[in-house]
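Working notes, beginning with the structure itself.
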Ligand code: SF4
């Protein structure tokens, strides 16, 4: 099973909680300082959308749960 991750990047406040919690999935975009999905996990090279295998799902969810403005969804 794969999980799909979406970040509402326009509402990211660059707090760093997601990438501190799960650097295997999230990182800071060098250009706008907001969160993005690691490039090798992105869908259609979209920094706001990606998919992970089951092994990374708990990590992705922990990062989403850590977001203070609740803009990451993992489904
Ligand atoms: S935890 Fe949320 S607000 Fe903070 S950097 Fe990640 S996506 Fe942005």
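Laboratory data are not the source of any read-out in this text; all were calculated from the coordinates shown. None of these values were measured; they are calculated from a predicted model.
Expressed in nm to one decimal, what extension gain is obtained for the pair residue 53 and residue 29 from 0.36 nm per residue of sequence separation less their Cα-Cα distance? Before the final figure, lay out the partial values.
On the way: separation 24, 0.36 × 24 = 8.64 nm, distance 2.22 nm.
That works out to 6.4 nm of additional length.
For n ≥ 4 DSSP H runs only, could you compute -39500 (n - 2.57) per run for the chain, divide by its residues and tell me the 222 nm figure to the nearest 500? Show your work: numbers first, answer last.
On the way: 2 runs with 18 residues, N = 75.
Calculated at 222 nm, the ellipticity per residue is -7000 deg cm²/dmol.
Mind putting together the pair-distance distribution for the range 2-74? All Cα pairs, 10 Å bins, whole percent per bin, short to long.
24, 62, 13
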